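Quick notes on the structure that follows.
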Amino acid sequence: MKKRLLAVAVLVLVAGGLYWFQPWRLVTSTTVDEALTPVAAPVSSAPVSSAPSSSSSPSPAGPVVVSEGDFVTHEHTTKGTARLVRKPDGRHQIEFAGLDTSDGPDLRVWLTDQKVGTGQSAWQVFDDGKYVELGKLKGNRGDQVYTVPADVDVEKFRSVSIWCKRFSVSFGAAGLS
């Protein structure tokens, strides 16, 4: 009877560990190929605010890259570029170009007010301040687009993180400057 109870306990622990850690995600991959926005103006000429400008210069006719940055590796090797794009109607979106990271359990895209750093201490800072979850990560590779809710003031945010909600750690992040 003790052996049977021990076997059941071991089976429950193994099943729980497999569910929690999902180790097969280390070898799985999902590629997304969404169309990125063709942009009308360089980064340096675009104000961040979505409010109408009081200056006399006309607004660009097309979308504008407001800010962008390359991903920095945190918990898992992460490559690619993130950019904040303002559409002609004033809405914003985050775009990932050439993203390449590990698959993982419960990965989210967060717009955050935290500075992107390197080293292990930088992996867990993104939930310390303000953040807005833009959705689940669509795939760990490729080009992706995430809509920023209209009520979000993008001027208050300075980075984007691929956040593992289950383990409270960043897989990688990009500063938006």
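Within the straight-line cut-off of under 23 Å between alpha carbons, the lysines reachable from residue 79 are 115, 136, 138, 165, sequence neighbours fewer than 8 places apart in one chain being disregarded. Packing-based ranking of 65-72, 28-35 yields 65-72, 28-35, ordered from highest to lowest mean Cβ neighbour count within 10 Å.
Per q in 0.14, 0.33, 0.34, 0.35 Å⁻¹, report the Debye log10 I(q)/I(0) for region 95-136, using one uniform scatterer on each alpha carbon and no solvent. With no solvent term, the Cα-only Debye profile gives -0.38, -1.18, -1.16, -1.15.
Protection proxy ranking of 137-147, 155-165, by the mean of other Cβ atoms within 10 Å over each peptide's residues and highest first, is 155-165, 137-147.
Computed from the coordinates by the stated procedures, all read-outs in this text should not be read as laboratory data. The model shown is predicted, which means the values in this text are computed figures rather than measured ones. Ideal geometry is used to build each Cβ from the backbone, glycine not excepted, and the neighbour counts take in all protein chains shown.
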